[in-house]
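Structure first, commentary second.
The values are calculated or read from the model by the stated rules, or taken from the named source; none is laboratory data. Quick caveat, the model's predicted, so the values are computed rather than measured. Positions of Cβ are generated from backbone atoms using ideal geometry, with glycine treated the same way; all protein chains shown enter the neighbour counts.
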Amino acid sequence: MKEFDFVGKDIPRVDAIDKATGNAKFTVDLSFPNMLHAKLLRSPLPHAKILNIDTRRAEKLAGVKAVITGKDTPYVFGVSHFDQTPLQTEKVRHVGDAVAAVAAIDVDIAEEALRLIRVDYEPLPAVFDAVEAMKPGAPIIHEGKERNIAAHASYDLGDVEEAFKKSDHVFEDHFETQRVAHVCPEPHNCIAVWDSSGKLTFYYCSQAPDLTRLQLAKAFGIPESKVRVFTHNVGGGFGSRATSKFSMDFAAIVLAKKTGRPVKIEYTRDEEFAYSTFRNKFIMDVKTGVTKDGMILGRQVTTISDTGAYCDYGPVNVNVGGAMAGTLYRFMNYKFDGYSVYTNLPYGGAMRGLGNPNVHYAMETQISMIADRLGIDPLDMRLKNAVHTGDETASGAILKSCGLTECLEAVAEKIGWREKRANPKPNRGIGIACGVHFTGVRLSPGIDADFAGANLIVNDDGSINLATSCTEIGSGSNTVYAQMAAEVLGIEPNKINVVFGDTENCPMGWGSRASRNTAVGGMAVKLAAEDARKQILNAAAEKMGIPPDNVDMELDIKKGMVYAKGTPSRGMTIADVVKFNRYRKDGQAIMAKAHWDAPSELADKVTGRGNFSSAFSFGAKAIEVEVDPGTGKVNVLKVAASQDVGAAINPLGINCQIEGAVHMGLGYALTEELVLDQKGKVVNDHLIDYKILTPLDMPPIESVIVESNDPIGPFGAKGVGEMATIGTPEAISAAVHDAVGVWVTDLPVTSEKVWMALKKKTERG
Amino acid sequence: MKKSQIKIKVNGEWHELTVPNKKTLLEVIREDLNLTGTKKLCNTGECGSCTVLMDGMAVNSCIVLAVDANGKEITTIESLSQIGKLHPIQEEFVARGAIQCGFCTPGMILSAKALLDQNPNPTELEVKKAISGNFCRCTGYVRIVNAILSAAERLRGENDERI
Amino acid sequence: MENFEYFEPKTLKEAVHLLVKYKQGARLLAGGTDLMNEMKGGYVKPKCLINLKKIKGLDKISYSKKEGLSIGSLVTWTNILSSKPIYQYFPILREAASLIGCPQIRNVGTIGGNICHASPSADSAPALMIYEAQCVIAGPGRERIIPIEEIFAGVQKISLKKGEILTRFRLPTPDTGSKGCYLKFSPRRAMDLPIVGVAVLVRTSDGTFQDVKITLGAVAPTPIRARRAESFLCGKPVNDESIRKAAGEAVMESKPITDVRASRDYRLGLVNELTYRAITLSISKNFTLE
C-alpha cells in the first residue's frame, strides 16, 4: 500500500478512552424511570407437550405487573427457516425452551413469580444426537421434517467420481468439532420501551440494528417506521447478536406493551452459555483424491450438523462451510452434502466464521494427514495446491486478490518451519494450516443485496459527524472509518465523530457480520467522504475564484486546510469553507451520503456455485507444541499467524484482532466445549468448567500482515475478524501428530484424548 | 432484621446506605451509586469484570456482601481519571491496543493498579498472574500485558514517552 | 439469592452461641468465595449469616520451632503467600496457595473456608495433610483438636458438630531433611481446580527412603493419604523402580469418578504419573520449591 497520512497507521481506538474510564455505556448499563425487570420461565424437559400453564398465583404476587405465555406471543421468527415462536404453546423442544415470562418491579420478585407458575408437561421421547435423530423411528421434533432434517445444502461441481478414478490415492477421514460458546462479556440483554404513539424503541446489544428492526417489524406485523433499534457499545458479538432472535426480545417487547412501562431482560451467565446459541457440532467425512505428489484432484465432503431444537443460523453455517470448502485450493471437482439436523438440545447459531472454521478443521487436518502419508512436506503440499490472484475456484469464487502463498510462507518463516522439520526434537512438533473466508457475503437463498451506508455532515468548525450502518462491537470499525474519512478529507481522525447503532439516525445496512466492516462499511464511508471532499473543494474553488474544471488540478486538502497546490500558503480552512457555503443566500450545507452494495452474486440455485463475496481473505497459522506424553498435555510454545487483509488500514487493530482470534482458536483447539448431559441440559454453563484460556496459558504470538491490495475494497482492504479464527485447531492437531505420532481428529484436543491415543498406540505396539 | 446500615467510602466519598443483607457490593456500586463502569459478567466471582479495590486489594465485588464492605474504602474505575487526564495505566491501555469491546477493561485496569501499587517493577509472569482472574474474550491478553508493563515503566519514571 | 439475618460477633463465644441458636439455618461467613455462589445458586439458603471476620485472633499466623506453625482459619491465601515462616518451613503449603484461583480469590478466600467447603479437589487439603496438620475446633463444649483427615466426612461434608467452629490449624515443623512438592494437574494455569493433585514429603538417608508421605486430591470423596504407597516405599532404595511401584500403589488406593472434567481412567493414569514425578522431583539433588 502506498504511504498515506492516516490509513495504514497504528491509530489508537477512537472509543478507547471512554472504555478505559468506565464511561462507555453498554445496553446492560442502561436504566429507565419506572422500568420493570423480566425473567423467562424455561422448560426443565427436553421434549414435552404442554398440557396446561397456570399463571394465576404468579400474577397475584406483590410486585408482579404482568405475566405472559405463548398465547400472548403469536409471532414466528427465524433466520433462514422460520421455525420458532418466542414462548411455546404446544410443546417444548429443548431444556430451556421458554414457555412464559414475568415482568416485576425487581429481578428477585420476577424469579419468585416464575416459581409460582405451574406448567403441566407430558414428556415425549427425546433425541440428543444428530445421527440418531436421522434414523427411522427417532422422535420427530418439528412436524413435517422427515428424519429431523431441517435443511440440506449441496454442491456438485465438476466430476468428483472421475477425479477419484484419476487419483493415485483416495483418502477418507472422519472429523468432529464440538459446540463452543461465544462467551460474550456483556450478557444478552434488551430494554423495550413503547411510547404513546405506538412506537417501539428497542435497546439491544445488536451487531446489526437494521436487521433487528426489520425482523421485529416483520414478526410483529407493524411498519418499520414504528420500530427504532438503539445499540450502544456492544460487549462482544462474535455472531451471537447478528439478528434479533431470542425469546427474550419478544417477551420484553410484549411485556412492555402490556404494562405500559419499560421492560428490561438480562441473561444470567448460565443462560448466556446455554441459550444465546453457540457453534454447532459438526460431524464431517472428507474424501480427497490426490496424485502421488500431492496434487488434489477432487474432494467430497459430507457434514452432519446438529442444529439443536431450532434452525437459527444452523443451515447457513452448513451452507457456508460447504461453499468455503470449495474455495481454498485449485481443484475443480467438488461435491458437498451438508445436513442440518434437529435434536432436542439448545440450539446453535452463528459464531465467528459460521460453519467455516468447523469445515476447515476437517479439510486442513486431512491435508496434513495426507502429506504425512505421502511423505510430503505439509507446507509444500499446500503451496502446490494454493489458489492465486485471478483464480476462479470450484465454488465459483473469483479471487481478485489472493495472498495465500505469502501467508503460508510468512508463518513458515516465523515458526522456523524448514529448520525444525529437518531437526526434530522429542515430543516437540510443528503444524501448519491455511484458510479462506469471505468479506461480506450474499447468502443463498436470500436477499440479493449486501450493503452498507454512510452519512456524513461537515460542521462549522471543520469537524465531521459520520453515521455508519455498521456497529462497533469491539473490532475497531469506528476507528478505521475515522481513518478512512480523515484520509480522504485531509483532516485529523480525532476530528471525526463516528455515530452508530441508532436506526433512526444512521443509514441502513446489514451491520457488523461476515467480516464486512472494513471493506463493505468502509467503502460506504470512503464514498461519502469523497462526495464531501468534492463539495468542499467546489465551494472553496468558488470562494477562491478557481474555475470548476480546474478544481482537482489546483486544489488539495491537508490538515484541515484547502490550499492551492501551486501556492500552498493560499488557502482556507475547511471550517471557513463550510461557513462560506452555508451562510449566504441559497447557501448549502456540506453533507454527503453513500450506499454501497458489495459486488457479489447469489449462488446458482441448482449447483450452489457463485461469486458470493466481493473479496476473500486468506490466512495461515503455524504452531509449535511440546506434548507431555505422561499426561497428554499439549503446551503451545508459539503461534505464528498471518493474514492477507488486502490493505492494512490500521495494522495495530489487525494485529489485535489476530491475537484475539488466536486466543479463541486455541480454546476451540484445546479446552473449550459445551457439555450436555443425558437429559439434554448444558452441564458446564459457568466459567469454572467452560475453559477459556487465561493469560498464563497464552503462548507468544507473532502475527504477520500480508497485503494483496484488493481492487474492490477501500484502499485495497478486505475482511479480518473471522479469517483470523481459522487455522488454529487444525495446526494444533497436526503439530501434536508431529510431536508424538498420534492423530486426534475430534475437537477439542484435550490432554485426556492425547493421553488415550498414546496409550492405544503403546498397546498396539 | 434483614437490612443493615452501612457506611462505605467509594472513590473518596463516604456513603451511608441501608441495604438488604443479601445485596452485593457490586449491586450497591451499580444500582445505588449508579457507577456502571464496574461490570457484571458472570456474577459468581469467576471472571474479574467486577473487580474493585477494597482497602487496596483487588476483589470480585459480585461475591462480596455490601454489609461485609462496611467501613471499607472502595476504589472503582471512575476514580482513576480526572477530567481531561487519564491515569498512566489507562493511557497505556488506550495507546497500546489493549482495549477492544471494553467490557473487561475496568476490572483489568484495577487489577493492574492493585499489582503496581504493591509491586512497581513486575516481570511479565507477575503481570500475567495479576490478571489471571480477569477474563477477556477479545484481545488474547497480549496487548494488555504490554500495556501494564509500559505503565509500570512510566510510573517508575523510567519512560516518559507518550505514544 | 434469599435474604438472611446478618451478625458480626466480636467473640468466639458469641459466634458459637449464634450457631447453636440458629442450628441448621446458620452459616459461617469467612471469605465467602464458595458460600456466596452456593447461596446465589440456591443450593444453600441460610436464615442467618455469621461473619467471623470481626473476631480477633482468627487471622493470625505464628511460628516457633517447638510449637510449629499456627494458622488462623481466617488467614487468606494472600497472607499465606507473604508469610516468612510458611515460605521457609512449609513450602508445599505456599506452593498450593499460589495455585489457587487468582488474586481476587486469594485476597479474600481463607484457608479455613477452603477446608470447610470440603471439595475433594481443594488444593489446600493435600498440602495440609502432608504436613499432618491438626484442626483446632471451638464449640459449645471444650476445645478439641483433630487430625485434618478427620475433618472431611464426604464430598462437601465436614465432621464438625453443632455449634463448632474451626479456629486454626497447627502444623508441626517438618523433620530436617524432608523435601517435597505439590503437583497439580489442570487444563489451565489459573482458575482451575485440579483434575488430580498430589503432594509428597519425603526424607531419604543412605540411599533409602526413611520417611514418606503422599497425599492425593480429587481422586476420592475426600483428600486421602496414600498409606499403602507410603509404607511400600519406606525403607526401599531410592531408585526409579521403587518410585514407579509406589506410584502404582497410589493408583490402587485411588477411587476417582468420571465427571465433566475427566474420566476415571485418565485420573488413575495421572495419579500414577504425578506421584512418580512428585517423588522424583522431591529427591532430586538441587530441587527446592521457589
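A few comments on the model shown:
- Restricting C:82, C:64, C:70, C:121 to residues that are under 21 Å from residue C:185 (Cβ atoms) and polar (S, T, N, Q) narrows the list to C:121.
- Test: residue in segment A:527-545 that is of a type outside the set (Val, Ile, Thr), closer than 29 Å to residue A:470 by Cβ and without any contact (Cβ under 8 Å) to a residue 24 or more places away in the chain: yes
- Qualifying residue in segment C:231-239 (condition: under 29 Å from residue A:753 (Cα atoms) and more than 11 Å from every other protein chain (Cβ to nearest Cβ)): no
- Test: residue in segment A:351-366 that is outside any helix (DSSP H, G or I) and farther than 19 Å from residue A:746 by Cα: yes
- Filtering segment C:42-84 to residues that are surrounded by 15 or more Cβ atoms within 10 Å (Cβ to Cβ), over 18 Å from the mean Cα position of the chain (by Cα), of a type outside the set (D, E, K, R) and not in a strand (DSSP E or B) leaves C:44, C:46, C:52, C:55.
- Candidate set: segment C:100-118, residues that are part of a loop (DSSP other than H, G, I, E, B) and more than 10 Å from chain B (Cβ to nearest Cβ); chosen: the one surrounded by the most Cβ atoms within 10 Å (Cβ to Cβ): C:100
- Residue satisfying all of: in segment C:119-144; without any contact (Cβ under 8 Å) to a residue 60 or more places away in the chain and assigned to a helix (DSSP H, G or I); farthest from residue C:168 (Cα to Cα) among these: C:124
- Where helices (runs of 4 or more DSSP H) fall wholly inside segment B:50-163, the ranges with 2 or more residues that are more than 10 Å from chain C (Cβ to nearest Cβ), at pLDDT 95 or above and closer than 30 Å to residue B:15 by Cβ are B:88-95, B:105-118, B:142-155.
- Selection status of residue A:727, closer than 20 Å to residue B:137 by Cβ, crowded, with 22+ Cβ neighbours inside 10 Å and away from chain C (no Cβ under 11 Å): yes
- Residue C:260 being in contact with a strand residue (DSSP E or B) (Cβ under 9 Å, 6 or more places away or on another chain), more than 13 Å from residue C:209 (Cα to Cα) and within 12 Å of chain A (Cβ to nearest Cβ): no
- Test: residue in segment A:34-56 that is within 14 Å of chain B (Cβ to nearest Cβ) and in a loop (DSSP other than H, G, I, E, B): yes
- Top-ranked residue in segment B:1-49 [being acidic (Asp, Glu) and either in a strand (DSSP E or B) or within 21 Å of residue A:188 (Cβ to Cβ) (or both); ranked as nearest to the other protein chains (Cβ to nearest Cβ)]: B:46
- Residue, farthest from residue A:281 (Cα to Cα), within segment A:78-137, restricted to residues that are aromatic (Phe, Trp, Tyr) and in contact (Cβ under 8 Å) with a residue 12 or more places away in the chain: A:121
- Scanning segment A:597-648 for residues that are charged (D, E, K, R) and closer than 21 Å to residue A:434 by Cβ returns A:621, A:624, A:638, A:644.
Residue-wise test of (1) assigned by TED's automatic domain parsing to the domain that holds residue A:199; (2) closer than 27 Å to residue A:107 by Cβ; (3) modelled with pLDDT under 95; (4) touching a Lys or Arg at 6+ places or on another chain (Cβ under 9 Å).
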position	(1), (2), (3), (4)
A:248	yes, yes, yes, no
A:271	yes, yes, no, yes
A:288	no, no, no, yes
A:292	no, no, no, no
A:298	no, no, no, yes
A:301	no, no, no, yes
A:305	no, no, no, yes
A:317	no, no, no, yes
A:327	no, no, yes, no
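- Of the residues making up segment C:43-65, those that are over 28 Å from residue B:114 (Cβ atoms) and touching a residue at least 12 places away in the same chain (Cβ under 8 Å) are C:44, C:45, C:46, C:47, C:48, C:50, C:65.
- Residues considered: C:144, C:170, C:188. Of these, the only one that is within 14 Å of chain B (Cβ to nearest Cβ) and at pLDDT 95 or above is C:188.
- Residue A:31, sole failed condition from (1) among the small types (Gly, Ala, Ser); (2) in contact (Cβ under 8 Å) with a residue 12 or more places away in the chain; (3) surrounded by 20 or more Cβ atoms within 10 Å (Cβ to Cβ): (3)
- Of residues in segment A:54-86 being more than 20 Å from residue A:315 (Cα to Cα) and hydroxyl-bearing (Ser, Thr, Tyr), the one surrounded by the most Cβ atoms within 10 Å (Cβ to Cβ): A:73
- Residue A:665 being within 30 Å of residue A:337 (Cβ to Cβ) and either assigned by TED's automatic domain parsing to the domain that holds residue A:750 or buried (at least 24 other Cβ atoms within 10 Å of the Cβ) (or both): yes
- The listed residue being among the β-branched types (Val, Ile, Thr), more than 14 Å from chain B (Cβ to nearest Cβ) and part of a strand (DSSP E or B), out of A:254, A:320, A:316, A:286: A:286
- Filtered residues of segment C:85-99 (kept if buried (at least 23 other Cβ atoms within 10 Å of the Cβ) and assigned to a helix (DSSP H, G or I)): C:92, C:93, C:96, C:97
- Test: residue in segment A:582-589 that is among the aliphatic types (A, V, I, L, M) and surrounded by fewer than 17 Cβ atoms within 10 Å (Cβ to Cβ): yes
- Here A:674, A:652, A:670, A:637 are screened, and the one residue that is in contact (Cβ under 8 Å) with a residue 24 or more places away in the chain and surrounded by 24 or more Cβ atoms within 10 Å (Cβ to Cβ) is A:670.
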